[in-house]
1. Taking K and R as +1 and D and E as -1, what net charge do the other residues with C-beta under 13 Å from the C-beta of A:I12 add up to?
2. In the protein assembly as shown, with Lys and Arg counted as +1 and Asp and Glu as -1 at Cβ, which of these residues, B:A96, B:V63, A:A65, has the Cα nearest the positive end of the dipole, that is, farthest along it?
3. Could you work out the relative contact order of segment B:23-97? I mean the mean sequence separation of Cα pairs under 8 Å and 6+ apart, divided by the number of residues, in percent.
4. How high is the relative contact order of segment A:65-135, given as a whole-number percent (alpha carbon pairs under 8 Å, six or more residues apart)?
5. At a Förster radius of 25 Å, what calculated FRET efficiency corresponds to the Cβ-Cβ distance of A:Y105 and A:I69, to the nearest 0.05?
6. Enumerate the helices in chain A for which the Kyte-Doolittle hydropathy averages 0.0 or more and the C-alpha atoms extend at least 15 Å along the helix's axis, using complete DSSP H runs.
7. Could you tell me the center-to-center distance, by alpha carbons, between segment B:53-98 and segment A:118-135 in angstrom?
8. How big, in percent, is the set of alpha carbon pairs in segment A:3-133 lying more than 18 Å apart?
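Nothing in this text is a laboratory measurement; each read-out follows from the coordinates by a stated rule. Since the model is a prediction, treat every value here as computed from it, not as a measurement. Backbone-built Cβ (ideal geometry, glycine too); neighbour counts: all protein chains shown.
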Amino acid sequence: MGRRERQALAKILERLEPMLEESRWTNSRAYEDDAEEEEFQRLVGSDLEQARADDLAVVRSALEADVPIRLDVEQTWRWLRSLNFLRLALAERLGIEEDGWEEKYSPREHRRPPLATLHLLSWVQEELVEALASG
Amino acid sequence: MSAIEELAAQGTGTSDQTEQHRDHPWRVIVWNDPVTLMSYVVFVLRRLFGYDLETATQLMLKVHNEGSAVVATEARERAEVTVAQLHAHGLQATLARD
């Protein structure tokens, strides 16, 4: 990944990270019942937030460092989780609610921000999944 | 070890449960969302449950095509940990009594 790509990703992370706290999809419920959900969040909510913050910090550090990015399996998973959260937050911000959303936008819209940002994050995530798959 | 992996190692517990209630099976359900990559879902299912590629792919397709799929049936405490791990990977997941 070149310096420009790293800077672009770092900026994207900086802009999207604050959205994670409020996003419906990045804070999903475990239980339908409110009391059970409250108990579940009491038990794991802060751990989940911390785990996500830790993953994003690893990604941010790698993007900001002036060395080639080389990821072991554990670091790859941190990137994968982070990218997924960022994609979910951006999609929610764009009002994407259901499958088939791609067809509602013109090719031109797909090539420009903010959709292009979503596609970039998707591409990086797919590359990492493929890297894991190929062992 | 990440915070969520420590959580998995410790397990979670809900208070005031009888042995019978604790052992009663609960379904862990993964729900579709319009952006999570199918390839990623398959990998998460393989990582968390040890499913082979075919099983994980079938479950992912069920989530994608039908809106949701039961990915595990476990005792409540274990199911809570599993759902927390799915949430930690950004998947929409719930648990419900079997």
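1. That sum, taken over residues with Cβ under 13 Å, equals +4.
2. The listed residue farthest towards the positive side: A:A65.
3. Details: 108 pairs, mean separation 40.1, N = 75.
In percent, rounded to a whole number, it is 54.
4. 48 percent
5. Taking R0 as 25 Å, the efficiency between A:Y105 and A:I69 is 0.25.
6. Working: long enough: A:3-16 (20 Å, -0.92); A:34-64 (42 Å, -0.58); A:73-93 (30 Å, -0.27); A:115-133 (27 Å, 0.89).
The answer, listed by residue number, is A:115-133.
7. Result: 22 Å between the Cα centres.
8. Of all Cα-Cα pairs in segment A:3-133, 59 percent lie more than 18 Å apart.
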